[in-house]
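Here's the structure, in C-alpha cells; my notes come after.
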Amino acid sequence: MNTPNFLSPRPEDEFYFQEGCHILECSNGVHDPAVSIARARVAPGVTTRWHQLRNTSERYVILEGIGRAEIGDLAPHDVRLGDMVLIPPSTRQRITNTGTGDLVFLAVCTPRFEIRAYVEL
C-alpha cells in the first residue's frame with residue numbers, strides 16, 4: 001500500500017542506472033520534497049562512474065557488503081555494514097564493491113534526488 005505516510009517499495013521495481021548500479025526508489029516524490037531514499041546495489045567487482053549531484057547532499061548508509069568510497073579529493077576509504085558516507089553537494093563521488101557479494105546501501109539525498117542534478121564526470 002502506498003500513501004504519503006506508508007510506502008512499500010517493490011523489489012521488482014529495481015532498475016539499472018547508468019552510473020553502474022541497481023536502484024530501488026524507496027521514497028522520492030512531491031509528497032516529501034526535502035529528502036529521497038533509494039536502495040542502491042553494486043555487483044561484486046564493479047566501480048560506479050565518477051559523478052556528482054548538483055546542489056544535492058547525499059549520504060550512503062551501508063547495509064550489506066564491503067566497498068571503497070571515493071569522495072572529492074579525499075583518499076579512498078573502505079566501508080562496511082553500518083558505515084555512513086557523507087557527500088557534500090556538487091562533490092565528485094564513486095564507490096567500488098570490493099567484496100564477493102552485493103554491496104547494498106541506502107542513498108539519502110537532500111533535497112530529493114532529481115535526474116537533472118546528476119552530472120557524470
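A few comments on the model shown:
- Our summary gives region 1-44 a relative contact order of 30 percent, counting only alpha carbon pairs under 8 angstrom and 6 or more residues apart.
- Annotation for region 1-100: trypsin sites (Lys or Arg not before Pro) lying in DSSP loop with at most 16 further Cβ atoms inside 10 Å of their Cβ are Arg49, Arg54, Arg80, Arg92.
- Applying the Karplus relation 6.51 cos²θ - 1.76 cosθ + 1.60 with θ = phi - 60° to region 48-62 yields 3J(HN,Hα) values of 5, 6, 4, 7, 9, 10, 5, 6, 9, 7, 9, 10, 9, 10, 6 Hz, where x marks Gly and Pro.
- In plain terms, the bigger the Kirkwood radius, the slower the diffusion; for region 80-121, with that radius from Cα pairs, at 25 °C and 0.890 mPa s, Stokes-Einstein puts D at 196 µm²/s.
- Mean accessible surface per residue for the chain, computed with a 1.4 Å probe while every protein chain stays in place, in Å²: 56 Å²
- Which of Ile66, Thr96, Leu24, positive extreme of dipole for the chain (C-beta unit charges): Thr96
- Per the Kirkwood formula applied to alpha carbons, region 19-121 shows a radius of gyration over Rh ratio, Rg over Rh, of 0.94.
The values are calculated or read from the model by the stated rules, or taken from the named source; none is laboratory data. As the structure is a computational prediction, the values presented were derived from the model and not from experiment. All Cβ positions, glycine included, derive from the backbone under ideal geometry; neighbour counts span all protein chains shown. The accessibility values were calculated without ligands, DNA or RNA, using every heavy atom of the protein model including side chains. Shrake-Rupley method; radii C 1.70, N 1.55, O 1.52, S 1.80 Å.
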